[in-house]
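J.: One structure coming up, written as structure tokens, with questions to follow.
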Amino acid sequence: MQSDSIMDVIPQYSGKPTLYLDQNILDLFVEHGIGSLGQQLLDNFQVVYSDETLKEIKRSVGYETKFLNVLKELDAYHLKVMVEQPGFIITDKSTIANRDVFEAFNEYCSNDGEHGNIENAMNQWLFKFSGGRPGDSISDIHSEQIDAFSQLINVMLDSSKELPIEMRKQIEDCAVLMMEQFKSALKEIEHTMEKDVPDTKNWNGIKSFRESVQVGPKELNNIKPPKVIEKIWDIYKVTLPDNNPINEIDDFFKIRFNPIYPARPYHLHQKITAMYNMLNTLGYFPDSKVHKEERFVAAMSDNSHASMASFCALLLSRDKNFVKKVQAVYEYLDVPTEVKLITVNYT
């Protein structure tokens, strides 16, 4: 008889509607206290935070305790995407846990070394595409990514040493397959890039793309909802070169299939990441100066917040550009999460 998976036995959440707060809302509470707004949210919603929230708190050196105390005062729960074992396969489900936020933060910081390296490495291709890392080639970046992925695989194998032999063998086989698929995907990307971009060392993908189609923020930011994504596609499908193989909206926004593991499901929260990145590339209410590392890191955090908030009933933010992009993506993907822009009057 087959036993239930962990996802089958975790009880369904039945509490208050869940609320995800963008980091700038937490900034507001750190600076002014939770006040009447925070109390209203506490009374009517279950506030949640993600590992991305903890990552941003870790970067706020000197203010970590203040941020954590705000989350504690808001009685915030920890939101995480569920991962299947063996193979660390990302699922389309999430959990929220009522735990001490300081404990969650310390745990995140202790694990950030092994997971932070691979995440940072994976983001370097997009950073390069955004105009960062001048002088480094795509091949250089892919070598770093393979090294980081190999380190993560080794950590995974080390942690399986105490498991039963059969399960350990499954993990080892899965690790080999994952590495082969990862290298193959990078090789294919590099081969495609070399055909289109002879010199990747001094390449700015966003700038080159916008120049080639002669469309950018000036044109796109005049688009009004509803159906923003469809309207953007209507503009681009007539500007793309005749020999361009992309002729469907889902292909244009990179949500047709999983780009690294095509045989695996491509979950909603992953598609949100792809579409949000694409809107930044195209120039729809884009993040500025992403060729600078600090601004790029902030943009990637926004993207993660957009993805994680899709598991919740409501997302609040003070960033107009962020809200515009998230609303457009959520509408196209039929994400039921409500997105609201918070404005603050200091007078």
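Readers should treat all values here as calculations from the given coordinates under stated rules, not as data from a laboratory. In this text, all values refer to a predicted model and were calculated from it rather than measured experimentally. Note: ideal-geometry Cβ built from the backbone for every residue, glycine included; neighbour counts use all protein chains shown.
J.: Give me the number: length gained by fully extending ILE235 to PHE102, i.e. 0.36 nm times residue separation minus the C-alpha to C-alpha distance, one decimal in nm. Kindly include the intermediate steps, with their values, before the conclusion.
T.: Values: separation 133, 0.36 × 133 = 47.88 nm, distance 4.79 nm.
Value of the extension gain: 43.1 nm.
J.: Just how large is the dipole of the chain about the Cα centre, in debye to the nearest 20, putting +1 at every Lys and Arg Cβ and -1 at every Asp and Glu Cβ? Let's see the in-between values first.
T.: Numbers: 37 positive and 51 negative charges, 210 e Å.
Here the chain has a charge dipole of around 1000 debye.
J.: Label ASN120 and ASP250 with points 7 Å out from Cα along Cα→Cβ: what is the distance between them in nm?
T.: It works out to 3.7 nm between the two label points.
J.: At q = 0.17, 0.23, 0.24 Å⁻¹, what is the log10 ratio I(q)/I(0) for region 255-346, with the Debye formula run over Cα points and no solvent?
T.: At q = 0.17, 0.23, 0.24 Å⁻¹ the computed log10 ratios are -0.74, -1.21, -1.27.
J.: Next question. Would you kindly state how much longer the chain becomes between VAL155 and LEU333 on full extension, computed as 0.36 nm times their sequence separation minus their alpha carbon distance, in nm to one decimal? Walk me through the intermediate numbers first.
T.: Details: separation 178, 0.36 × 178 = 64.08 nm, distance 3.51 nm.
The span from VAL155 to LEU333 would gain 60.6 nm if fully extended.
J.: Here are several values of Cα Rg over 2.2 N^0.38 Å: (1) 1.04; (2) 0.98; (3) 1.11. Which one was derived from the coordinates shown?
T.: (1)
J.: Only loop residues by DSSP count here, and only those with at most 12 other Cβ atoms within 10 Å; note down the GluC sites (Glu not before Pro) in region 160-202 that meet that. Intermediate values should be presented prior to the final figure.
T.: Details: sites: GLU162, GLU166, GLU172, GLU180, GLU188, GLU190, GLU194; in loops: GLU162.
Here the sparse-neighbourhood loop sites are GLU162.
J.: Follow-up question, since we're still on this one. Per residue of region 201-207, in order, report the coupling 6.51 cos²θ - 1.76 cosθ + 1.60 (Karplus, θ = phi - 60°) as ³J(HN,Hα) in whole Hz, putting x for Gly and Pro.
T.: My calculation for region 201-207 gives 5, 10, 9, 10, x, 5, 4 Hz in order.
J.: Taking the Cβ of each residue in ASP251, ASP43, ASP140 as the centre, tally the other Cβ atoms inside 10 Å and list the residues starting with the fewest. If you can, show how the numbers build up before the last one.
T.: Working: ASP251 12, ASP43 8, ASP140 15.
The order, fewest Cβ neighbours first, is ASP43, ASP251, ASP140.
J.: Right, here's the next one. Please build a GNM for the chain, connecting alpha carbons under 10 Å apart, and tell me which residue among TYR20, TYR332, TYR63 fluctuates the most.
T.: TYR63
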